[in-house]
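Worksheet: one structure, shown below.
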There are 4 protein chains.
Amino acid sequence: MALVRIGLIGAGYMGKAHTIALQSVGAVFETGLKPVCEMIATSTAEGAAEHAARWGWNRSTGDWRALIADPHVDAIIIATPPRTHLAMVLACVAAGKPVLCEKPLGCDPAESLRMVEAVEQAGLANMVGFNYIRTPASQLAKQVIASGEIGDVIQVTAEHVEDYLHDPALPASWRTRISTGTEAGALADVAPHIVNACLRLVGPISSLVADTQIVHATRPGPDGPEAIENDDQGQMLLRFANGASGSLSFSRVAAGRKMGYTYRITGTQGALYFDQEDQNALWLYDAAREPARRGFQKLLMGPPHPDYLAFNMGFGHGTGYNDQIVIEMRDFLRAVESGNAVWPTFRDGYEVDRIVDAALVSARERRWVDL
Amino acid sequence: MALVRIGLIGAGYMGKAHTIALQSVGAVFETGLKPVCEMIATSTAEGAAEHAARWGWNRSTGDWRALIADPHVDAIIIATPPRTHLAMVLACVAAGKPVLCEKPLGCDPAESLRMVEAVEQAGLANMVGFNYIRTPASQLAKQVIASGEIGDVIQVTAEHVEDYLHDPALPASWRTRISTGTEAGALADVAPHIVNACLRLVGPISSLVADTQIVHATRPGPDGPEAIENDDQGQMLLRFANGASGSLSFSRVAAGRKMGYTYRITGTQGALYFDQEDQNALWLYDAAREPARRGFQKLLMGPPHPDYLAFNMGFGHGTGYNDQIVIEMRDFLRAVESGNAVWPTFRDGYEVDRIVDAALVSARERRWVDL
Amino acid sequence: MALVRIGLIGAGYMGKAHTIALQSVGAVFETGLKPVCEMIATSTAEGAAEHAARWGWNRSTGDWRALIADPHVDAIIIATPPRTHLAMVLACVAAGKPVLCEKPLGCDPAESLRMVEAVEQAGLANMVGFNYIRTPASQLAKQVIASGEIGDVIQVTAEHVEDYLHDPALPASWRTRISTGTEAGALADVAPHIVNACLRLVGPISSLVADTQIVHATRPGPDGPEAIENDDQGQMLLRFANGASGSLSFSRVAAGRKMGYTYRITGTQGALYFDQEDQNALWLYDAAREPARRGFQKLLMGPPHPDYLAFNMGFGHGTGYNDQIVIEMRDFLRAVESGNAVWPTFRDGYEVDRIVDAALVSARERRWVDL
Amino acid sequence: MALVRIGLIGAGYMGKAHTIALQSVGAVFETGLKPVCEMIATSTAEGAAEHAARWGWNRSTGDWRALIADPHVDAIIIATPPRTHLAMVLACVAAGKPVLCEKPLGCDPAESLRMVEAVEQAGLANMVGFNYIRTPASQLAKQVIASGEIGDVIQVTAEHVEDYLHDPALPASWRTRISTGTEAGALADVAPHIVNACLRLVGPISSLVADTQIVHATRPGPDGPEAIENDDQGQMLLRFANGASGSLSFSRVAAGRKMGYTYRITGTQGALYFDQEDQNALWLYDAAREPARRGFQKLLMGPPHPDYLAFNMGFGHGTGYNDQIVIEMRDFLRAVESGNAVWPTFRDGYEVDRIVDAALVSARERRWVDL
């Protein structure tokens, strides 16, 4: 059984999720390569050592460059904030190592494009971490649409709205400052996931008009009220290359919405609906049935659906958030094994970044933007 | 007990609904005036006579002008296609009779404004027929927002989408032709209801950008395929005078959506959600509860909620479509009794028409339009 | 157009509902007979006169015997408490007048049987008022089962649970005393509706075992705490003549359940589910579909479904509680016109009473009871 | 960091689930002991070796007695059919090793009691595998009830119904034969999970009456149609020691129900509802709120809820089936570390077996059975 020794940079939220996935993916799927948790890097040697002990990594370091360069590390996972991605990816390219990078790829499309070109020229396996689209239900949505089961797509209503900054008493942070985050707020934090879903399920976006807002002008800062610099919420109208239209909402202040990643996709012969808060169901409507027997059908995920059976369960047993990461990891292992990029590649991540950037321009200039 | 003798013009879908409401409103509510189904007019004397017999009207006529002028008719209900409204309303004004007119008021804002000015100058009670907003749940939504229970409104996602023209084999009709319908398709048919809801619940709209589409370019016509002239679907971004933003979708081709009149309204301290397909529930989220006990609450309508108890029922017994019309009729009787216009007045209808018109301009010129 | 002059006894909750239905049924349905609200009787002449004025009845009386005997009254509706039914029905029989009696028919099966035999021997049209089963969705459920669409029924889980006496601070009343109500509490108040549904949808019950409980032993009475004499809640196991089995719950203290009239019926080839709190939907499962496309389908009621189109609406517009009574009234008018009993007849009501009585015996003796 | 070397017997459905959980539990939770996948046993050495390689176990064997006796194996997980449990547990006791055994513990209460007494006399950590009750939502239900938040429990409606044998064309198997399965069919397969939930959430059961049925009398066997020997479905009425009553359904032929493990629990001050098919939500009703704001609230699981935060996620990200097993494994590691049994202990499993046995007696003799 072939092994691949993984190096992980970052020990936050996503670092833990990747660790859990690395440790169980080999039992869940029949992967050709079995991952080894070889080395973890955080900003300090002490922190890295502690996380290595707690999570079960063989070695640790406070120097991510050392991790990437280590001869006993075969592939890299980057789970750090966006501003650090570019240097790390270029180091991976220099070291000739396959790389999985968390979203968003870069802080702007120019950065992302540099990364895309670097990995493509080097011929390295690469992948960007969009996990939500990995659920069996969203994979089934892709199958349903691709097979023509709902006809030609004509309309999409999508959103990724949460309420993690709903309370104005929550302090300003790197997320709310342009200097440390990006010019985009919720537009960078949550919108990329649902933009990615739209691209995956419907196809390229040809034009858009966006509107964004800062809802809470200030939040508590270290020296008193601090002005918030990027959007709390917004929405856009979309036109797709295939003629479909749609709307898309994003928010970090949407009271009551916890994982409000939903899409409703209408076609000429049917429709489907998905809500990440009930991630084990896909709602499907078939317009060809007799009128008295037409209605949305709640399909609970089960063994016949994509990537479900490997989790070893009957219909309705259910997968969760960490299982999405396990599926992602399986795909990254395939990328490493084959040497080829696997969807979503860095280029797919770049396409998402282009939409986010166009939305920023559109909101600023209050006009439609062609892509 | 005072009586008011009603004259109804139109014996279609809405004519029947108004008849049913007129006959039961007096038993449901303690109205000061009891309506009498005095005279019905349709385009032919025979048709009118037949409907009078079937539905229980005292008299009938094939001439709507005779009905309006009849000395034994006290108040008028207009339930005919939009192109006929202006002349009828002006005749009511000439006769000095209170008038309830179905939506949309006019075929364009200029027409609507003429009607508004006519009834206002004459000091006549007037009302326009937006029924969906009459449900106890939508009235409760209004109460909740007006009382500040969810704080300041910051975002709205709304839609009125149906699928009555989803099938491209359905023939062209007056609805799909500009000459007989209006330049707006679904934008005139369904969008006014949900625009009205946004105005009622959130307040005036200050600017918008809209996008519309003809999904099926042709439909069967009397002489073969006929080009469709107005929109099948569309969506808009909204900015409200109070600073809230939102998106709004409308469609006559949304497969699977039967009464897809929904709104999700987010405030700084909570949120609410309503879906007309389950019209006896309002979902309410209170952000002030402790974190472990926060969640959307499904409020089933009951005696403490607006206009519910008169229907004589316990919680959850449920009202339906015709009950909305009964509530509307109660309000029209109040208008007639007091001599004052009652919300939604012709002017409220005109405000809706202005939004529809701005959306047409915005879609045509691909730009934001201020109101 | 033939008229039928109705006499109504009772001006409570159901009296109002019947009044509303009588006034609109003629416009909703193409009935052969049009009802006239001729005379209303309550316990006092003053009260009757007041209700007649408020609701629109031509005449009134404080003497129900006078109403039944009145030569200008053609058919009788009884909407009074159960203890009054027997005498009124026998008077109707003596007068040879068709009669619609509210449920439960009698206070015990012996009383009910006397009424059944009286109307049957007299050959009078008769009907008992079970309204919930009249919804388009429950009628559709009947169609689906009768057509074999879900195969042979094998199991039923049903309930009628509400919370109108959930609060122990609510006072004792006629409902909680055997002398004024019946030996059965919730078992008589709510269970008959869902027992009737089981009989209608699945067929005769051959045996049962029941368990009942008084949850709040006392409630405030006129002279301090008063002992409660009949059941607050209970449940039973059922065996049907066709071999199916099931369970059935009933309660007046089920916190949070407002109109908890639900049934889930499983067959050898599918299943269906209905919840009165969302009365415009029927959930249907077809086991013959391919495994990856099996799921409960939410059918929103619309024009192809039973008794929906007459309410003049598109799919999803929705009917409510009062519309159930309108449908019931249409059937009673048919009964009067034809001279024949219409389902549910007095005999059907008697069959429900027999089940309730068997449940009392079973609970008292803690054993299965055969029917 | 202390290690515990695990020996696993069984490589079926649950064997895989335990493997996945063992590999990730250490990263998910801060466990005092970190498990090592030391040895796996199946019925053949070849099969065991293959599973060891595929799933990542250090060693393997075709002899479960050798596994239990192995000096480098510290604790045992039994994931084999019920008929094998007794001998394995007694071997664990002989070897003095902590043991986690899948449910049902024994084939009848007598067997289970032997195991209980053996581990208790030996003072060994022991646990039985009821996974569904481990979800954050079901743990929250336990908290809510235990804290008195819904008052005293008065009624329970529960079920565990699935449709894995719904199709009569599915062949007879060990499950449908008494000689290889047990006298109980669905009553042994699925009912124990929901019986366990009732015991956990409401308390001891004092009496019951049950009814069971074989729906499909025969299924294809190796030599033609074979008679089915145990129940396909059934239901029972329950009385609890604390005075509450309830009903409970179980089925393996409930068309459309995939993971129909639901409970609705009503108290004197509120109610709650859970459905395993949407396992990340608990519905809660608080009767103390003002009447116009009473309704079931959908609580999406999140960091404040039991055992959620360790999975490293925000509200609504969701846990799945395998996460239940991870939680179970965390508890088993605690048991091993402390040397004490952890809920649910073998004795808890025995209590479930007693209920199942009483239900068999009740169904056979058609009478209530006291416990």
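Which residue in B is nearest the B/C rotation axis when you measure from the C-beta atom, and what is the distance in Å?
Spelled out, residue of B and its Cβ distance from the axis onto C: B:GLY320, 2.
Under the definition of Cα pairs under 8 Å and six or more residues apart, what whole-number percent is the relative contact order of segment C:2-132?
With pairs under 8 Å counted, the relative contact order is 22 percent.
Taking a probe of 1.4 Å, how large is the accessible area per residue of segment A:261-371, in Å²?
Accessible area per residue, segment A:261-371: 30 Å².
Roughly what percent of Cα-Cα pairs across segment B:50-119 reach past 22 Å?
Numbers: 549 of 2415 pairs.
Summing the P(r) tail past 22 Å for segment B:50-119 gives 23 percent.
Given a 1.4 angstrom probe, what's the average accessible area per residue across segment A:2-131, in square angstrom?
Averaged over the residues of segment A:2-131, the accessible area is 33 Å².
So how much slack lies between D:ALA227 and D:ALA66, counting 0.36 nm per residue of separation and subtracting their Cα-Cα distance, in nm?
54.1 nm
Taking segment D:2-131, how much of its Cα-Cα pair set, in percent, is spaced more than 18 angstrom apart?
The calculated P(r) of segment D:2-131 puts 50 percent of pairs beyond 18 Å.
Show D:LEU199, B:LEU105 ordered by accessible area, largest first, where the area counts protein heavy atoms only and the probe is 1.4 Å.
Greatest to least solvent exposure: D:LEU199, B:LEU105.
Under DSSP H, which helices of chain B have Cα atoms covering 30 Å or more of the helix axis and a Kyte-Doolittle average no less than 1.6?
Taking the DSSP H segments of chain B (at least 30 Å long, mean hydropathy at least 1.6), we get none.
Loop only per DSSP, at most 14 neighbouring Cβ atoms within 10 Å: give me the GluC sites (Glu not before Pro) in segment D:1-53, ordered by residue number.
In loop regions of segment D:1-53 (DSSP not H, G, I, E or B), the sparsely surrounded GluC sites (Glu not before Pro) are D:GLU30.
How big is the C-alpha Rg of segment D:32-72 next to the rule-of-thumb value 2.2 N^0.38 Å, as a ratio?
Values: Rg = 10.3 Å, N = 41, 2.2 N^0.38 = 9.0 Å.
Cα-based Rg divided by the globular estimate yields 1.14.
Nearest 100 Å² is fine: what is the total accessible surface buried where chains C and D meet, probe 1.4 Å?
On the way: alone 15490 and 15470 Å², together 27810 Å².
So the total buried area for this chain pair works out to about 3100 Å².
Averaged over every viewing direction, what's the projected area of the C-alpha convex hull for segment D:159-208? Give it in nm², one decimal, please.
On the way: hull surface 17.3 nm².
Reported value for the Cα convex hull: 4.3 nm².
So for C:TYR308, B:TYR273, what's the accessible-area order with a 1.4 Å probe, most first?
Result, largest first: B:TYR273, C:TYR308.
Calculate I(q)/I(0) for chain B by the Debye formula, one identical point scatterer on each C-alpha and no solvent, and give its log10 at q = 0.08 Å⁻¹ to two decimals.
Here log10 of I(q) over I(0) equals -0.41.
Using a 1.4 Å probe on the protein heavy atoms only, what accessible surface does D:ILE150 show? Give it in Å² to the nearest 10.
That residue has around 0 Å² of solvent-accessible surface.
With all protein chains present, calculate the accessible area of C:MET39 using a 1.4 Å probe and round the result to the nearest 10 Å².
Ignoring ligands and nucleic acids, C:MET39 comes out at about 10 Å².
Could you quote the convex hull projected area for segment B:272-371, Cα atoms only and averaged over all directions, in nm²?
Averaged projected hull area, Cα only: 10.7 nm².
When each copy gets a label point 7 Å from Cα toward the beta-carbon at C:ASN58, what are the spacings between them in nm, shortest first?
Computed spacing set for this position: 1.6, 9.7, 9.9 nm.
To the nearest 10 Å², what's C:LEU284's accessible area with a 1.4 Å probe?
My reading of the accessible area for C:LEU284 is about 10 Å².
Work the Kirkwood hydrodynamic radius out for segment C:137-240: mean of 1/r over every pair of different alpha-carbon atoms, inverted, in Å. Intermediate results must be reported in sequence, preceding the final value.
Values: mean 1/r = 0.0641 Å⁻¹.
Final number for the Kirkwood radius of segment C:137-240 is 15.6 Å.
Put a point 7 Å out from Cα along the line to Cβ at B:ASP167; what are the distances to that point in the other copies, in nm, shortest first?
B:ASP167 label point versus its equivalents elsewhere: 3.2, 5.2, 5.4 nm.
Kirkwood-based Rg over Rh for segment A:78-218 (C-alpha set), two decimals?
Taking Rg over the Kirkwood Rh, I get 1.00.
Do any residues of segment D:19-51 show a loss of at least 50 square angstrom of accessible area between the isolated chain and the full protein assembly, using a 1.4 Å probe, and if so which?
D:ILE20, D:GLN23, D:ALA27, D:GLU30
State to the nearest 20 debye the size of the charge dipole of the protein assembly as shown about its Cα centre, where the only charges are +1 on K and R beta carbons and -1 on D and E beta carbons.
Working: 128 positive and 168 negative charges, 0 e Å.
For this selection, approximately 0 debye.
I want to verify the translational diffusion coefficient of segment B:4-51 in µm²/s; compute it with Stokes-Einstein, Rh as the Kirkwood radius over Cα pairs, at 4 °C and 1.567 mPa s.
114 µm²/s
Which distances, in nm and shortest first, link the A:TRP343 label point to the same label point in every other copy, taking 7 Å along Cα→Cβ?
Label-point separations across copies, in nm and ascending: 4.7, 5.0, 5.2.
Please state the relative contact order of chain D as a whole percent: Cα pairs under 8 Å, 6+ residues apart?
21 percent
For a 26 Å ceiling on Cα separation, which of these pairs sit above it: D:LYS34/D:LYS258; B:LYS142/C:LYS298; D:LYS34/D:LYS97; D:LYS97/D:LYS258; A:LYS16/D:LYS34; B:LYS16/C:LYS97?
Pairs exceeding 26 Å: D:LYS34/D:LYS258; B:LYS142/C:LYS298; D:LYS97/D:LYS258; B:LYS16/C:LYS97.
Peptide B:54-67: average number of partner chain Cβ atoms within 10 Å per residue?
1
What is the diffusion coefficient of segment A:250-291 in µm²/s, taking the Kirkwood radius over Cα pairs and the Stokes-Einstein relation at 37 °C with a viscosity of 0.692 mPa s?
Values: Rh = 12.0 Å.
The Stokes-Einstein estimate is 274 µm²/s.
Restricting things to Cα coordinates, could you compute the convex hull volume per residue of segment B:181-279 in Å³?
113 Å³
Residue by residue through C:273-279, how many Cβ atoms from other chains fall within 10 Å of the Cβ on average? Please list the in-between numbers first.
On the way: counts 1, 0, 1, 3, 9, 8, 6.
Counting Cβ atoms of other protein chains within 10 Å of each residue's Cβ and averaging gives 4.
Would you work out which of D:GLY26, D:GLY15, D:GLY123 lies farthest towards the positive end of the dipole of segment D:2-131, given +1 charges on the beta-carbon of Lys and Arg and -1 on that of Asp and Glu, about the Cα centre?
The one lying farthest along the dipole's positive direction is D:GLY26.
Quick one: if you take sqrt(5λ) for each eigenvalue of the C-alpha gyration tensor of the protein assembly as shown, what semi-axes come out, biggest first, whole angstrom?
Semi-axes (√(5λ), whole Å): 56, 45, 25.
With a cut-off of 8 Å between alpha carbons and a minimum separation of six or more residues, what is the relative contact order of segment A:72-125 in percent?
Working: 59 pairs, mean separation 21.5, N = 54.
Answer for segment A:72-125 is 40 percent.
The values are calculated or read from the model by the stated rules, or taken from the named source; none is laboratory data. Predicted model only: the values in this text are computed from it and were never measured. Every residue, glycine as well, gets a Cβ built from its backbone with ideal geometry; the counts of neighbours run over all protein chains shown. Surface accessibility is based on the protein's heavy atoms, side chains included, excluding ligands, DNA and RNA. Shrake-Rupley method; radii C 1.70, N 1.55, O 1.52, S 1.80 Å.
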